[in-house]
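Below you'll find the structure, written out as structure tokens, and then a few comments.
The values are calculated or read from the model by the stated rules, or taken from the named source; none is laboratory data. All figures in this text were calculated on a predicted structure; none of them were measured in a lab. Here the Cβ positions follow ideal geometry from the backbone for every residue, glycine too, while neighbour counts run over all protein chains shown. Ligands, DNA and RNA are excluded from the accessible area calculation, which covers all protein heavy atoms including side chains. Shrake-Rupley method; radii C 1.70, N 1.55, O 1.52, S 1.80 Å.
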Amino acid sequence: MGHSVAIGTYVLYGKTGVCMVQEKTSIKMGKESAFYYVLSPISDGRSSVYVPCDNETLVARIQPLMTREEIDLLLSDADEERLDWCDDRNQRMTFYRSVINSGDRRLLIRTICCLFRKKHEKQEMGKRLSSMDESTLQECMRLIDEEFSMVLNIPRAEVVDYILERL
């Protein structure tokens, strides 16, 4: 396993978002016992996510939160690594799904930039993004605004402005 998971810290877990690592505990299933990390998503304090400690693939999805410096660096690089718009709706949908499932913040930011550019372009023509593109934009934002809000200590509603000011 590449990194340790410290109890009491905030982490990013896949599509769940920012979670507090509550504990590492042994849970008995039938005759077998196994250790699990218990994560508590900040978006829903009543739910818990159980990550089996011996499943390297799932444990690898537990990522430390980025620092303010890492966020700013990510944003300053995003415009240089511009994603081109793809006119094929099905190809776009497949790409969006892979970006969202990857949880790769660099790809998420680049996708958000691409969608914001397209949204702006369409608004200038008095049009709107398709509902698929708009919902992708919202989902990508959801995946990063929680972390950015917590790290930057700003309300989630201000994350979009923070990103746009730095692009």
Exercise for the section: For Glu147, indicate whether it is assigned to a helix (DSSP H, G or I), of a type outside the set (A, V, I, L, M) and closer than 27 Å to Ser40 by Cβ. Expected result: yes
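Residues checked against (1) under 16 Å from Glu70 (Cβ atoms); (2) exposed (fewer than 13 other Cβ atoms within 10 Å of the Cβ):
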position	(1), (2)
Lys122	no, no
Met125	no, yes
Ser135	no, yes
Glu139	no, no
Ile144	yes, no
Phe148	yes, no
Leu152	yes, no
Glu165	no, yes
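Only residues that are at pLDDT below 90, within 16 Å of the chain's Cα centre (by Cα) and open to solvent by 40 Å² or more (accessible area, probe 1.4 Å): list them for region 79-104, please. Explain how you work it out, then say what you get.
We begin by selecting, within region 79-104, every residue at pLDDT below 90; these are 79-84, 100-104.
Now drop any that are not within 16 Å of the chain's Cα centre (by Cα), which leaves 100-104.
Across region 79-104, the qualifying residues are Asn101, Ser102, Asp104.
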Handout entry: Pick from region 1-25, criterion open to solvent by 60 Å² or more (accessible area, probe 1.4 Å) and without any contact (Cβ under 8 Å) to a residue 60 or more places away in the chain, ranking: farthest from Glu146 (Cα to Cα)
Key = Met1
Problem - Complete set of residues in region 78-106 that are within 19 Å of Tyr162 (Cβ to Cβ) and not in a loop (DSSP other than H, G, I, E, B) - result: Ala78, Arg105, Arg106
Handout entry: Ser40 surrounded by 15 or more Cβ atoms within 10 Å (Cβ to Cβ) and either without any contact (Cβ under 8 Å) to a residue 12 or more places away in the chain or more than 30 Å from Leu164 (Cβ to Cβ) (or both)
Key = yes
